[in-house]
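**Q** Questions regarding the structure given below will be posed in turn.
The values are calculated or read from the model by the stated rules, or taken from the named source; none is laboratory data. All values reported here derive from a predicted model rather than from experimental measurement. Glycine gets a Cβ as well: all are built from the backbone with ideal geometry, and neighbour counts include every protein chain shown.
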Amino acid sequence: MWWRWLRLKQMGVLGINNRNLSFIQRYNTRTHYPLVDDKVKTKKLAQAHDVKVPTLYTVIHSEHDNKVFSKLIQNRAQFVIKPAQGAGGEGILVVTHYINNRYRLSNGKLLTEDEIKYHISTTLSGAYSLGGYPDKVMVEYLVQFDDVFEKVAYQGVPDVRVIVIKGFPVMAMVRLPTQASNGKANLHQGAIGAGVDLKTGQTLHGVWHNEIVTHHPDTLHEIEGVTIPYWKECLLIASRCYDMTKLGYLGVDLVLDKAHGPMMLELNARPGLNIQIANQVGLQRRFDMIKPVLDKEMDAKARIEYVLSRL
Amino acid sequence: MNKVNKQYYILLILLIISGVGLTLYQHIKLGLSWQPDDENTIWKFNVELQITPKTTNSTLKLNLFVPNLKRGDVLDEHISAAGFGKIILHTDDGDNKVAVLSKSQADEKQTVIYDVSVASGAQFIAPQVPKINHAKAHVRKTLESRQLIALLTTAKDIAEQSADSGTLVGQSIRFINDDGNLYFWQEMAQGLPTNKQRMKALNYLLTELGLPNVMLHVVPYQHQGDISLNNLPVWVSVYFENAWHIYDIKTGQAIMHPNQKALVWWVGNQNFAQVSGGQIKIVSFTAARQGISQERYLALKNNSLKQNIYEFSLLNLPAQTQEIYKIILMVPLSVLIILILRIIIGVPTLGTFMPVLIALAFRDTSLLWGIVLFSFVVICGLSFRAYFEKLRLLVVPRLGMILTTVVILMALISIVLHKMEVAQGLSITLFPMVILTMSIERLSIVWDERGGVEAVKIALGSLFASTVCFVFIFNHALQYWFFTFPGLLLLVMAAMLMIGRYRGYRLTELYRFDALIKKSKGL
């Protein structure tokens, strides 16, 4: 058993205890957490800092706002309804078409406007928020997914997660939805995590429930070798999220839109450790690389340069 | 090292030192044993007097000497004398303690029993060193001139034959035990001497030799059966070279550890007891050995000490509260165990305190049945949850539905099992019910937030953790240790501090990152 420990230590793998003590506690100030836990705050912050995010059409705060829902969405046929403090992708309605006086969701369901208002009502009362607290509802732009992931995603939103330590992007992975994950890009629920080469933006093999996989179980396509477009821009957005939130240990979730390119979807102040399995590299190893210049004043571009030049 | 780290290490060291120190102090200084079931040996010394009053309805007044021991060595003391007024005082010279009893209308034979319980090795309080001049003056006053001459002659003889004080004592003792010294005994005792006369003679002799001495009347520990007053051993304690030296006046042997061999009942030449208004018929002494539990010993010792840290000890609380605290004091250890399970091994649990509460609930329901009950009710509760989810309710009312159905379910279980005459059904008392409903609530929330798989893992992990805690909390030896040595709690805190800075991998992580290990093997 001890040799396992040694091997992991050699690879610079970050364990959860060390992550909590040396990274989250040290580099994330508690007071900044609300900026990333409340998606509305995140969006407003991003807009203030010129970080590309899916456009926020409106925020519904109360039943009153709900009453004028139709006016608020101004005859849009495509939008996403999201709880501001939701967890695990619950409570999200992805509306793709307006047909027969009904809104059609991405999974085929048809809802009348009243049914949507009911859903918003329950969300406001806290049905989907952590701990059941009253919530706000965001109505935002529906991301048109870039085709690049078509062959390796099943019925859902693939996203790119970048771990950023004090503004330095150190590791990245793509989260590919599967049938097992019900179309959600959530690794715990069965999505596949594929490591990404930071220099080239190309996917490596995938990891599924802690084991290495080479092919997507639903599309049967090879996972490795997909190049993520606008990769440099992805890294730039991720790095600037540090400047925006001042959280030193950050997980940045990006999506790729056909028209707008990479956009920041959400931020996570306690990103998980499976990214190490997806990349087969330890986070500690990468951290040691940036340690010498950790406190240096560098802008986003310089930080990215530093990391890429040393890989 | 920065300020925060310094504080951390200082606190850690303080906790360890005080925890270990307090515990060792209690063990070594106060004599508390490591073993919970160790019996403490105590000795119960008894003296029984039988007194006949002179006339009917006479007033009896009785004085008797009682042991004058170091405070704290006396565990218990009683006088059993029906109808007597009793009081225990120090004598005027402070060397002895005396019990004074009186009864106004005594018509028949009276039995008075005094008993004292002590730990073995109880120490008597050394008498004051008699001033040799006063002692000599007293001898001159007491003895007639012919007796005095006999005494002085003997003293001179002995002094000539002896080199040092020890020899003086030895020779003196040999002398007074020798019945062949006819001239001496003729003068001092008018014939063969009684034990008492021998004793007094020795006392005077040593005094004339310039050695301050006091007679000790002792009851030996190891003696079987009763000792009558006449047969009570007497030791002489002689003061020379700035210390007391004790000798057996029959054998002349030096007594090295007097407190281990016998209990000193009284010192001096006086009689054991005096009575007015009656006659003392019989006096007998007994020494009995008793084994008592550690608890009882602590309680007795606590009573007798009445000062020092035991004043604020838990032993002063009523017995029922003590029993509760025995359990409460185990909680920190259980929390430590949970910390180890979570942070070092990686067992998923429902919070830190929940498994401890479940373990406490197992106490009411017994372990095996508790596990069965817990598993069954949780499974039902989560199934109800799955159904209620379909109804699209708000989180909190949905929870209310789940909890109410669980309560109804538990009531049904109790009724059914009772009908089936399975006694276990009635062990669902209030506390386990509360804990069960809390657990289901939290598991339901976990299911909401992190999915069913996580919820099941956490439920199983909590069950495992609470079983481990149960074994520790209700372990007799551990309960004894934490109740008796509260310093151990400080050590528990120190351990928690250390875990608080644990940066290493969890056991589960060594297997979770298996894919990475496989890769490194390939390197």
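**Q** Spot the failing condition for B:Asp93; the list is (1) part of a loop (DSSP other than H, G, I, E, B); (2) surrounded by 15 or more Cβ atoms within 10 Å (Cβ to Cβ), and only one is missed.
**A** The number of the failed condition is (2).
**Q** Only residues that are modelled with pLDDT of 90 or more and either assigned to a loop (DSSP other than H, G, I, E, B) or outside the structural domain of A:Pro158 (by TED's automatic domain parsing) (or both): list them for the range A:183-213, please.
**A** If the condition is that a residue be modelled with pLDDT of 90 or more and either assigned to a loop (DSSP other than H, G, I, E, B) or outside the structural domain of A:Pro158 (by TED's automatic domain parsing) (or both), then A:Asp197, A:Leu198, A:Lys199, A:Thr200, A:Gly201 are the ones that fit.
**Q** Quick check: is even one residue across the range B:420-441 more than 28 Å from B:Val468 (Cα to Cα), exposed (fewer than 15 other Cβ atoms within 10 Å of the Cβ) and modelled with pLDDT of 85 or more? Spell out the reasoning first.
**A** Start the filter on the range B:420-441 by keeping residues that are more than 28 Å from B:Val468 (Cα to Cα), which leaves B:420-421.
From what's left, exposed (fewer than 15 other Cβ atoms within 10 Å of the Cβ): B:420-421.
Subsequent filtering for residues that are modelled with pLDDT of 85 or more retains none.
So far as the range B:420-441 goes, no, none of its residues is more than 28 Å from B:Val468 (Cα to Cα), exposed (fewer than 15 other Cβ atoms within 10 Å of the Cβ) and modelled with pLDDT of 85 or more.
**Q** For the range B:304-311, does any single residue satisfy the condition of being at pLDDT below 85 and under 30 Å from B:Ser466 (Cβ atoms)? Break it down into steps so the answer makes sense when it comes.
**A** Initial filter on the range B:304-311 (at pLDDT below 85): B:304-311.
From what is left, the residues that are under 30 Å from B:Ser466 (Cβ atoms) are none.
No, the range B:304-311 has no match at all.
**Q** Give the residue, chosen from B:Ser414, B:Ser444, that is more than 14 Å from chain A (Cβ to nearest Cβ), at pLDDT below 85 and assigned to a helix (DSSP H, G or I).
**A** Values: B:Ser444 fails: more than 14 Å from chain A (Cβ to nearest Cβ).
None of the others qualify; the one that does is B:Ser414.
**Q** To continue, here is another question. Of all residues in the range B:256-269, which are at pLDDT below 90 and touching a helix residue (DSSP H, G or I) at 6+ places or on another chain (Cβ under 8 Å)?
**A** Correct list: B:Asn269 only.
**Q** Exactly one condition in (1) surrounded by 16 or more Cβ atoms within 10 Å (Cβ to Cβ); (2) in contact (Cβ under 8 Å) with a residue 12 or more places away in the chain; (3) not in a strand (DSSP E or B) is false for B:Val218; which is it?
**A** Condition (3) is where B:Val218 drops out.
**Q** Please verify whether the range A:43-53 includes one or more residues that are more than 14 Å from every other protein chain (Cβ to nearest Cβ), buried (at least 18 other Cβ atoms within 10 Å of the Cβ), under 12 Å from A:Met138 (Cβ atoms) and in contact with a Lys or Arg (Cβ under 7 Å, 6 or more places away or on another chain).
**A** The answer is yes, given that some residue of the range A:43-53 is more than 14 Å from every other protein chain (Cβ to nearest Cβ), buried (at least 18 other Cβ atoms within 10 Å of the Cβ), under 12 Å from A:Met138 (Cβ atoms) and in contact with a Lys or Arg (Cβ under 7 Å, 6 or more places away or on another chain).
**Q** If you take the residues in the range B:56-71 that are closer than 22 Å to B:Ala122 by Cβ and surrounded by fewer than 16 Cβ atoms within 10 Å (Cβ to Cβ), which one is modelled with the lowest pLDDT? Give the derivation first.
**A** As a first pass, look at the range B:56-71 and keep what is closer than 22 Å to B:Ala122 by Cβ: B:64-71.
From the residues that got through so far, the ones that are surrounded by fewer than 16 Cβ atoms within 10 Å (Cβ to Cβ) too are B:70-71.
Values: B:Lys70: 84, B:Arg71: 77.
Once the filter is applied, the top-ranked residue is B:Arg71.
**Q** Scan the range A:102-118 and tell me whether some residue there is among the polar types (S, T, N, Q) and within 14 Å of another protein chain (Cβ to nearest Cβ).
**A** Just the residues of the range A:102-118 that are among the polar types (S, T, N, Q), to begin with: A:106-107, A:112.
Still in the running and within 14 Å of another protein chain (Cβ to nearest Cβ): none.
For the range A:102-118, residues among the polar types (S, T, N, Q) and within 14 Å of another protein chain (Cβ to nearest Cβ): absent.
**Q** When residues of the range A:86-136 are filtered for being at positive phi and either assigned by TED's automatic domain parsing to the domain that holds A:Gly183 or under 21 Å from the mean Cα position of the chain (by Cα) (or both), how many remain? Break it down stepwise before answering.
**A** Here is the first cut: in the range A:86-136, the residues at positive phi are A:88-89, A:91, A:100-101, A:108, A:126, A:131-132.
When the remaining residues are screened for being either assigned by TED's automatic domain parsing to the domain that holds A:Gly183 or under 21 Å from the mean Cα position of the chain (by Cα) (or both), the result is A:88-89, A:91.
Number satisfying all stated conditions: 3.
**Q** Is it fair to say A:Glu140 is away from chain B (no Cβ under 14 Å) and modelled with pLDDT of 85 or more? Step through it out loud before you land on a result.
**A** On the way: away from chain B (no Cβ under 14 Å): yes; modelled with pLDDT of 85 or more: yes.
In short, yes.
**Q** While we're looking at this one, here's another question. Here is a list: A:Val162, A:Val170, A:Val148, A:Val157. Which entry is of a type in the set (Val, Ile, Thr), away from chain B (no Cβ under 14 Å), under 30 Å from A:Tyr249 (Cβ atoms) and in a loop (DSSP other than H, G, I, E, B)? Explain how you work it out, then say what you get.
**A** Numbers: A:Val162 fails: in a loop (DSSP other than H, G, I, E, B); A:Val170 fails: in a loop (DSSP other than H, G, I, E, B); A:Val148 fails: in a loop (DSSP other than H, G, I, E, B).
After applying the criteria, what remains is A:Val157.
**Q** Only residues that are part of a strand (DSSP E or B), among the aliphatic types (A, V, I, L, M) and buried (at least 17 other Cβ atoms within 10 Å of the Cβ): list them for the range B:240-282, please.
**A** Residues of the range B:240-282 part of a strand (DSSP E or B): B:240, B:243-248, B:254, B:262-267, B:273-276, B:278-282.
Restricting the remaining residues to those that are among the aliphatic types (A, V, I, L, M) gives B:243, B:246, B:254, B:262-264, B:267, B:273, B:275, B:280, B:282.
Passing the criteria: B:Ile246, B:Ala262, B:Leu263, B:Val264, B:Val267, B:Ala273, B:Val275, B:Ile280.
**Q** Go through the range A:1-23 residue by residue and tally those that are under 17 Å from A:Lys166 (Cα atoms) and either crowded, with 19+ Cβ neighbours inside 10 Å or facing chain B (nearest Cβ under 7 Å) (or both). It would help to see each step written out before you state the result.
**A** From the range A:1-23, those under 17 Å from A:Lys166 (Cα atoms) are A:14, A:18-23; that's our starting set.
If we keep only those that are either crowded, with 19+ Cβ neighbours inside 10 Å or facing chain B (nearest Cβ under 7 Å) (or both) as well, we get A:14, A:18-19, A:21-23.
Of the residues in that region, 6 qualify.
**Q** Could you identify the single residue in B:Val47, B:Val20, B:Val74 that is surrounded by 13 or more Cβ atoms within 10 Å (Cβ to Cβ) and closer than 23 Å to B:Ser228 by Cβ? Show your work before the answer.
**A** Numbers: B:Val20 fails: closer than 23 Å to B:Ser228 by Cβ; B:Val74 fails: closer than 23 Å to B:Ser228 by Cβ.
Just a single option satisfies the conditions, and that option is B:Val47.
**Q** I've got another one for you. For residues in the range A:240-273 being within 14 Å of the chain's Cα centre (by Cα) and not in a strand (DSSP E or B), which is farthest from A:Asn18 (Cα to Cα)?
**A** So in the range A:240-273, the residues within 14 Å of the chain's Cα centre (by Cα) come out as A:241, A:250-257, A:262-272.
Of the ones still in play, those that are also not in a strand (DSSP E or B) are A:241, A:269-272.
Details: A:Cys241: 23, A:Ala269: 15, A:Arg270: 13, A:Pro271: 13, A:Gly272: 12 Å.
That would be A:Cys241.
**Q** Inside the range A:187-219, can you point out the residues that are more than 14 Å from chain B (Cβ to nearest Cβ), in contact with a helix residue (DSSP H, G or I) (Cβ under 7 Å, 6 or more places away or on another chain) and touching a residue at least 60 places away in the same chain (Cβ under 8 Å)?
**A** The first filter runs over the range A:187-219 and keeps only residues more than 14 Å from chain B (Cβ to nearest Cβ), leaving A:196-203, A:215-219.
Filter again for in contact with a helix residue (DSSP H, G or I) (Cβ under 7 Å, 6 or more places away or on another chain), leaving A:198-199, A:201, A:216, A:219.
A:Leu198, A:Lys199, A:His216, A:Thr219 - these are the residues of the range A:187-219 that are more than 14 Å from chain B (Cβ to nearest Cβ), in contact with a helix residue (DSSP H, G or I) (Cβ under 7 Å, 6 or more places away or on another chain) and touching a residue at least 60 places away in the same chain (Cβ under 8 Å).
**Q** Restricting to the range A:33-49, count the residues that are part of a loop (DSSP other than H, G, I, E, B) and at pLDDT 90 or above. Quick ask: steps written out before the conclusion?
**A** Restricting attention to the range A:33-49, the residues satisfying the condition of being part of a loop (DSSP other than H, G, I, E, B) are A:38, A:49.
Filter once more, keeping what is at pLDDT 90 or above: A:49.
Qualifying residue count for the region: 1.
**Q** Report those helices (runs of 4 or more DSSP H) wholly inside the range B:470-523 carrying at least 3 residues which are within 24 Å of B:Val347 (Cβ to Cβ) and within 14 Å of another protein chain (Cβ to nearest Cβ).
**A** On the way: elements: B:476-484, B:487-500, B:507-512, B:514-522.
Where helices (runs of 4 or more DSSP H) fall fully within the range B:470-523 and carry at least 3 residues being within 24 Å of B:Val347 (Cβ to Cβ) and within 14 Å of another protein chain (Cβ to nearest Cβ), they are B:487-500, B:507-512, B:514-522.
**Q** Taking A:Lys184 as meeting all but one of (1) within 15 Å of the chain's Cα centre (by Cα); (2) surrounded by fewer than 24 Cβ atoms within 10 Å (Cβ to Cβ); (3) away from every other protein chain (no Cβ under 14 Å), write down the number of the exception.
**A** Among (1) within 15 Å of the chain's Cα centre (by Cα); (2) surrounded by fewer than 24 Cβ atoms within 10 Å (Cβ to Cβ); (3) away from every other protein chain (no Cβ under 14 Å), A:Lys184 violates only (3).
**Q** Of all residues in the range A:58-85 being part of a loop (DSSP other than H, G, I, E, B) and either in the same structural domain as A:Lys39 (by TED's automatic domain parsing) or not polar (S, T, N, Q) (or both), which is surrounded by the most Cβ atoms within 10 Å (Cβ to Cβ)?
**A** Initially, the range A:58-85 is screened for residues part of a loop (DSSP other than H, G, I, E, B), giving A:61-62, A:68, A:74-78, A:84-85.
Restricting the remaining residues to those that are either in the same structural domain as A:Lys39 (by TED's automatic domain parsing) or not polar (S, T, N, Q) (or both) gives A:61, A:68, A:76-77, A:84.
Working: A:His61: 15, A:Val68: 11, A:Arg76: 14, A:Ala77: 13, A:Ala84: 22.
Here the residue is A:Ala84.
**Q** Oh, and also: Look through the range A:257-292, keep the residues that are farther than 25 Å from A:Asp50 by Cβ and among the β-branched types (Val, Ile, Thr), and return whichever of them is farthest from the other protein chains (Cβ to nearest Cβ). Write out each step before concluding.
**A** Going residue by residue through the range A:257-292, those that are farther than 25 Å from A:Asp50 by Cβ are A:270, A:272-289, A:291-292.
The next check asks that each one be among the β-branched types (Val, Ile, Thr); those that pass are A:275, A:277, A:281.
Numbers: A:Ile275: 12, A:Ile277: 5, A:Val281: 8 Å.
Result: A:Ile275.
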